[in-house]
Amino acid sequence: MTFFSKVDLFFTRVVAWLIHMVGYAFIALIGMTSIVLFPFSFFEYSEGLADLDLLEISLIALFFGALWRFVKKTRDCGESYWAATKKICILLTLASLFLGFIEYCFFYFLLQEQGNLTFAYFENSNDWILLFNSVVLIVTLYGLVPTETQRQVGITDDENFAAVGTPEETDIESDSNTELKPNGI
């Protein structure tokens, strides 16, 4: 390798590392913002807890319950708190982007149909949008929990390998004319 190739490779690695770190930072910021701003999105009139009705209180409780369950199940799978935090941030970021896309499409098609959208329409539909966003975030956290422990594969002795049930060489030759059927039918 020439000197310029080594310098080029070094700068390529530095730029790739910076791009990855900036991407991870933005994902973390969006995910953490989703967690922090979720309860505050229900406060409409700056009157504190008097603003909240029973549905909003239950959605906040369900969100933090799903968040706690996600961290607990991730820890039960043998992963660290850092891995759980990364997974939460990635899931909430993807869910937020998905929700933004759905809302954009909804308002775009509504704008195409009506020709204009007023601020009063946004105020009237804000409750339904907030409910939809809350339900999708809660379902995302509840449904995408890791459920299996991390397994390490490392078969060292032949008895364990034979116990797995690998076919013998004669079995493979005798099964060569067998017709393959989908789903074992």
For the stretch 1-63, which GluC sites (Glu not before Pro) are both in a DSSP coil and crowded by at most 13 other Cβ atoms within 10 Å? GLU44, GLU47
Provide, for q = 0.15, 0.24, 0.26 Å⁻¹, the log10 of I(q)/I(0) from a solvent-free Debye sum over equal Cα point scatterers in the stretch 6-85. -0.75, -1.09, -1.15
Added length on full extension, which subtracts the Cα-Cα distance from 0.36 nm per residue, THR85 to PHE43: 12.5 nm
Length added when fully stretched, ILE102-TYR121, from 0.36 nm per residue minus Cα-Cα: 5.1 nm
Ordering of 76-88, 129-141 by burial proxy (mean other Cβ atoms within 10 Å per residue, highest first): 129-141, 76-88
Semi-axes in Å, largest first, for the stretch 96-153 (Cα gyration tensor, √(5λ)) are 36, 13, 6
Residues of the stretch 47-72 with the amide nitrogen closer than 18 Å to a label point 7 Å from the Cα of LEU94, along Cα-to-Cβ, please. 67, 70-71
In units of 2.2 N^0.38 Å, what is the alpha-carbon radius of gyration of the stretch 47-117? 1.60
Please pull out the direction-averaged projected area of the stretch 1-157, using the convex hull of its alpha-carbon atoms, in nm² to one decimal place. 17.0
Could you check the spin-label model distance between LEU18 and PHE3? Points 7 Å from the Cα along Cα→Cβ, value in nm. 2.3
Protection proxy (average C-beta count within 10 Å per residue), highest first, orders 118-127, 99-108 as 99-108, 118-127
Using R₀ = 45 Å, calculate the FRET efficiency as 1/(1 + (r/R₀)^6) where r is the Cβ-Cβ separation of ALA28 and GLN114; round to 0.05. 0.75
So with the 1.4 Å probe, I'd like the accessible area per residue for the stretch 85-154, rounded to whole Å². 72
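The values are calculated or read from the model by the stated rules, or taken from the named source; none is laboratory data. This one's a predicted model, so the numbers in the text were calculated from it and none came from an experiment. Cβ sites come from the backbone with ideal geometry, for glycine too, and all protein chains shown count toward neighbours. Heads up: the accessible areas ignore ligands, DNA and RNA and are worked out on the full protein's heavy atoms, side chains in. Shrake-Rupley method; radii C 1.70, N 1.55, O 1.52, S 1.80 Å.
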